[in-house]
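Heads up, the thing below is written out as structure tokens.
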Amino acid sequence: MFGPLLSLPNSFILAQVTGEPSADLTGALVVIGFLAVMAIAAYALTRKSRGPAPKGVSRIEDRATEAPEQLSDKQQDARRAAKALRLAAKGGYKVGADGKAERVDAVDLEAQQAAAEKAAAADEAVRSAAQEAALETLREAAQIGAQDAEAREKVRGGLSRTRKEGFVARIGKLFAGKQIDEDLLDQIEEVLYRADLGVNATEALLGALKKALSKQELTDESMVWRTLQGQSLAMLAKVSSGELTLPASHNPAVLMVVGVNGSGKTTTIGKLAHRYAGENRKILIAAGDTFRAAAVDQLEVWCERAGVDIFRGKPQQDPASVCFGAIEKGKAEGYDLVICDTAGRLHTNANLMAELQKVKRVIAKAHGGAPHEVLLVLDATMGQNAVAQARQFGESIDVTSIALTKLDGTAKGGVILAIAETLGIPVKLIGVGEQMSDLRDFDPKIFVEMLFERDAA
């Protein structure tokens, strides 16, 4: 087939000499034409077999001839965004709101750096504040723990005689080698009645013991103590109302203090003044016990120790007028607490009760809503007589709270149970020593725990 092609040069020369085409030349031209037709056919078949490009896909040769204006808006935006990102990555550029690259001036770069440093400083400040808050919480917890430990120690010391000499010690002696039964409960009942607890408190404690015995829960000595402790706490919790309510927002708050001579009234006022002065409160003491000159002098000494002011009247001046004058001074000069002392003759004196009622009425006229607390000071060493005093004062002037003093000097600390169960007046303060800090807020839980503490027998 390719023979004519090989002889094509010779055939062409011969045709030029003779003037006529030879057979070989003719055959060669035929072959060339045939090959050309075959090549065209093969190309056509190849194009047909590939078919059209899928939708959305263009071949390289198609894209090479595609004009830029044929790209969609989204494609053009994408190209611009990609270019802007590449430039921003190299520095000196940023991506604008329209997606295009924008040159960043040196000033903008400094502003961005300053903003980043400011944000880092703010984060560091937040972290530092969080750390300081955590440390402050730990310090407060430690302080509360220390205060709680101090309170326990003070109350433990104050109730020492009651534990060692009072009804707690006597009950403890009953358990030696004895079975816990009805006979033992009868002996406990006798001890309680002799302990100045009164009928109501004694019956409440015995009732709890008998109930536990009927359920066979009093299996040993520890269960008896646990029952007594639980019932005592329940009795005290019913009348526990926290600290004295004397907020400075009353402008001023007014505390009326009552009690018989010798109960520790003047000492209690002095210790309260010291406490509130330590809280940066401006305090004025009204020396309302004008019938006893020594009382005013003693109160002045306490005021000097506490660093607070005193309002004195004339000897034998009407106590109500002294309290009225002190409150007026308190309002005019920005005091936030006025403590009014009152006369303290025997509670059985009808004239005294009438005088206290008058003082309370005058205080109310001097300052609306006052007195905000009426605090009765009782001597714990008086036993059941203290309960009688509380009843008399409560009926005459509506006592709102009690301060039970001299617990450290008596074995009759259980009288507080009689006050709670019989009268229902909240005990808010207890005196457990001579120091300024020995006037403590009453905490029923700590009190009961220290009262029945067995390792201090």
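Points to keep in mind about this one:
- The mean accessible area for residues of the stretch 153-213, using a 1.4 Å probe and ignoring ligands and nucleic acids, is 48 Å² per residue.
- Computed from the C-alpha gyration tensor, the three semi-axes of the ellipsoid equivalent to the stretch 140-236 are 28, 16, 14 Å, from longest to shortest.
- The figure for Lys282 is an accessible area of roughly 90 square angstrom, using a 1.4 Å probe on the protein chains alone.
- Neighbourhood net charge (13 Å Cβ-Cβ; Lys/Arg +1, Asp/Glu -1) for Leu378: +3
- All C-alpha pair distances within the stretch 267-307, sorted into 10 Å bins from zero, spread as 31, 54, 14, 1 percent across the bins.
- Principal axis dimensions, the stretch 267-389 - Cα atoms, whole angstrom, descending: 40, 29, 28
- Relative to the compact-globule estimate of 2.2 N^0.38 Å, the Cα radius of gyration of the stretch 177-284 comes out at 1.63.
- Within-11-Å neighbourhood charge of Ala277 [Cβ basis; K, R +1; D, E -1]: +3
- Kirkwood-Stokes translational diffusion coefficient of the stretch 344-453, alpha-carbon pairs, 37 °C, 0.692 mPa s, µm²/s: 221
- Residue-level accessible surface for Phe291, protein heavy atoms, 1.4 Å, Å²: 80
- In this structure Met436 has an accessible area near 40 Å², from a 1.4 Å probe over the protein heavy atoms.
- With contacts taken as Cα pairs under 8 Å at a separation of at least 6 residues, the stretch 339-397 carries a relative contact order of 36 percent.
- Cα centroids of the stretch 200-220 and the stretch 418-439: 26 Å apart.
- Tensor-based shape of the stretch 165-218 (alpha-carbon gyration tensor, a/c under 1.5 rounded, otherwise prolate or oblate): oblate
The values are calculated or read from the model by the stated rules, or taken from the named source; none is laboratory data. Just so it is clear, the model here is predicted, and its values are computed rather than measured. Please note: Cβ atoms are built from the backbone with ideal geometry, for glycine as well, and neighbour counts cover all protein chains shown. The accessibility values were calculated without ligands, DNA or RNA, using every heavy atom of the protein model including side chains. Shrake-Rupley method; radii C 1.70, N 1.55, O 1.52, S 1.80 Å.
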